[in-house]
Every structure is written in structure tokens, then in C-alpha cells.
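J.: Below is one structure. I have some questions about it.
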Amino acid sequence: MDIPKKLSITSVLTGEVVVFGIRGEFSRVTAEAPTLFEMVQAQLGAGKRRVLLDFDEAGFVDSFGIQEMLASYTAINDLGGALKICQAPPKLLMILKITKLDAVIPVYPSREAALAAFAGPPDRPGG
């Protein structure tokens, strides 16, 4: 599968979970308004507190993308919500492991596994 360079972020409501599909390169160069964080803020304003970032069609993720994820995590967490990641590409998984962000933001191999985790007990960071 060829990953497009231009960033596209879509959102769909699956039950109580807002799923953001990240497609393309998640970088400052490819980002356009609204940003992921702005989209998350809009969902929080609408009362949504469960967010899943699906990276199935994502390519390169730079520090801007990581910053957007962290800002989103903080905003969601401050309101008692939950953020999860699924289908992260290998390089993003490596970044999450090196920075130990995978101990803070749960990462799942599939969308189905992540959605099922929202139905279960809350994830415990680091465990």
C-alpha cells in the first residue's frame, strides 16, 4: 500500500468512541487546519471523552505529530477521558517505546482490540 504524503484526518463515531483515522504523513509540513488537537478539542466540547487514533494508513510521524498526540492526550485526560492508539506504523511504535509514551497512551494492534478495550476496565499506565 502506498501511503500518501498529504495528511488527512477523518473522524467517525463508533459507539461512544470518536475514531480519528490518520492518513498520510503526520508532520508540520503536511498538516493543515484543523489540526488533530483542534479536532479533539471540538469533540471534547461536544461531550465526547473517548478517543482512538487509528494510524492504519499513516506514514512518517515527526515531532509535530507527537506534540499533537500529547496535547490531545492531556486535554482528554484532564476531563477524565481516555485516548488510545491503534495500528501504529513500526517507526511510530519505536518512538513511543523510546520515549516511554506507550506506558502513558495505550497502543493496540487493531481497531477492534482498541475499541474492545474501551468497553473494559480502564487501562493502567505501565501495566
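The values are calculated or read from the model by the stated rules, or taken from the named source; none is laboratory data. Note that the structure is a prediction, hence the values are computed from the model and not measured. Cβ atoms come from the backbone with ideal geometry, glycine included; neighbour counts cover every protein chain shown.
J.: Residues being aromatic (Phe, Trp, Tyr) and modelled with pLDDT under 95: count how many of those fall in the range 72-117.
T.: Count: 0.
J.: Kindly provide the set of residues from the range 53-66 that are surrounded by fewer than 19 Cβ atoms within 10 Å (Cβ to Cβ) and closer than 13 Å to Ile105 by Cβ, ordered by number.
T.: Ile66
J.: Run Ala71 past the list (1) in contact with a helix residue (DSSP H, G or I) (Cβ under 8 Å, 6 or more places away or on another chain); (2) surrounded by 17 or more Cβ atoms within 10 Å (Cβ to Cβ); (3) not charged (D, E, K, R) and report the number of the one that doesn't hold.
T.: (2)
J.: In the list Leu44, Leu7, which residue meets the criterion of being of a type outside the set (D, E, K, R) and modelled with pLDDT under 95?
T.: Leu7
J.: Would a scan of the range 8-19 turn up a residue that is touching a residue at least 24 places away in the same chain (Cβ under 8 Å), more than 21 Å from Pro109 (Cα to Cα) and more than 12 Å from the chain's Cα centre (by Cα)?
T.: No - not one qualifying residue is present in the range 8-19.
J.: Checking Ile105 against (1) within 22 Å of Lys6 (Cα to Cα); (2) touching a helix residue (DSSP H, G or I) at 6+ places or on another chain (Cβ under 6 Å); (3) of a type in the set (A, V, I, L, M): exactly one of these is not met. Which one?
T.: Single failed check for Ile105: (1).
J.: Related question: Please work out if Gly59 is at pLDDT below 95, of a type in the set (Gly, Ala, Ser) and not in a loop (DSSP other than H, G, I, E, B).
T.: Here the answer is yes, as Gly59 does meet what is asked.
J.: Inspect all residues belonging to the range 45-52 and state whether any of them is more than 13 Å from the chain's Cα centre (by Cα), part of a helix (DSSP H, G or I), surrounded by fewer than 18 Cβ atoms within 10 Å (Cβ to Cβ) and not β-branched (Val, Ile, Thr).
T.: The answer is yes, given that some residue of the range 45-52 is more than 13 Å from the chain's Cα centre (by Cα), part of a helix (DSSP H, G or I), surrounded by fewer than 18 Cβ atoms within 10 Å (Cβ to Cβ) and not β-branched (Val, Ile, Thr).
J.: Continuing with the same structure: Across the range 46-78, what is the number of residues that are among the basic types (Lys, Arg) and either free of Cβ contacts under 8 Å to residues at least 24 places away in the same chain or closer than 21 Å to Glu32 by Cβ (or both)?
T.: Going through the range 46-78 one residue at a time, the tally reaches 0.
J.: Here is a follow-up. Would you say Ala82 is surrounded by 12 or more Cβ atoms within 10 Å (Cβ to Cβ) and not hydroxyl-bearing (Ser, Thr, Tyr)?
T.: The answer is yes for Ala82.
J.: Same structure, new question: Within the range 101-119, identify whether any single residue is among the hydroxyl-bearing types (Ser, Thr, Tyr) and assigned to a helix (DSSP H, G or I), and answer yes or no.
T.: no
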